[in-house]
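The values are calculated or read from the model by the stated rules, or taken from the named source; none is laboratory data. As the structure is a prediction and not an experimental result, all values here were calculated from the model. Note that we place each Cβ from the backbone using ideal geometry, even for glycine, and neighbour counts take in every protein chain shown. Just the protein is used for accessible areas: all its heavy atoms, side chains included, with ligands, DNA and RNA removed. Shrake-Rupley method; radii C 1.70, N 1.55, O 1.52, S 1.80 Å.
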Amino acid sequence: TGAIAHLVARVEKTYWGGDHGLFLGRVEHARWGAGEPLLFHGGRYQGLLPTASPPSAAPHLLETLRGVGTERSFSEGEVLIAEGDQAQELFVLLEGSARIERGGRMLQRYSDSGLLGEGAVLEGHRRRASVVAETDLLCVAGSRAQLEKAVNSDPKVAWAMVEFLAARLHD
């Protein structure tokens, strides 16, 4: 209770060294929530480095999503996606920049040609973070049905989406 991350892993290998053991495991299930992880390394407590730049989606994927979605604009400070809301749309940023926030804390910045909100839309989950316009934004908003139609109609779009999601998971 109260942990920000839970991992279920199967032990693959164990190494014993002096007064401790190292267990290497294959993660079978992972879940996480909001919060700062407590890390202990080099004899002291430390935090994580800021997240690297988000992966960029292939131009073909962005063009296809632009073609099936609806253009929308947001003013500086306006919320595109609210943490906890049911995911209905994903967004392709055409102009401007936005920031991702969780629990009121800024996690990442996105700018032109970014893809936002695709994970929750594909999973059908509630939003795990908010997205707020840092500048005036021009976006294309698309639904899960529009995304599925685009992916099902063109294998290149499907592959580009798989590559994008894999890069996002890797980061």
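Annotations
- None of A150, A158, A166 is open to solvent by less than 40 Å² (accessible area, probe 1.4 Å), more than 18 Å from E101 (Cβ to Cβ) and without any contact (Cβ under 8 Å) to a residue 40 or more places away in the chain except A158.
- Test: residue in segment 107-115 that is under 14 Å from F91 (Cα atoms), of a type in the set (A, V, I, L, M) and in contact (Cβ under 8 Å) with a residue 60 or more places away in the chain: no
- Condition check for E71: open to solvent by 20 Å² or more (accessible area, probe 1.4 Å), in a loop (DSSP other than H, G, I, E, B) and not small (G, A, S): no
- Residues (in a strand (DSSP E or B), over 22 Å from S130 (Cα atoms) and open to solvent by less than 100 Å² (accessible area, probe 1.4 Å)) located in segment 4-28: H6, V8, A9, V11, E12, T14, G17, G21, L22, L24, G25, V27
- Criterion (of a type in the set (D, E) and either modelled with pLDDT under 90 or closer than 23 Å to E36 by Cα (or both)) met by exactly one of E76, E123, E71, E134: E123
- Contact map, segment 70-99: first residue within 7 Å of A133 (Cα to Cα), second residue of a type in the set (D, E, K, R) and at pLDDT 90 or above, Cβ cut-off under 6 Å, separation 6 or more or different chains; pairs are S75/D136; E76/D136; S97/E134; A98/E134; R99/E134.
- All of (1) assigned to a loop (DSSP other than H, G, I, E, B); (2) surrounded by 15 or more Cβ atoms within 10 Å (Cβ to Cβ) hold for T64 with one exception: (1).
- Test result for S111, surrounded by 12 or more Cβ atoms within 10 Å (Cβ to Cβ), modelled with pLDDT of 90 or more and within 30 Å of A158 (Cβ to Cβ): no
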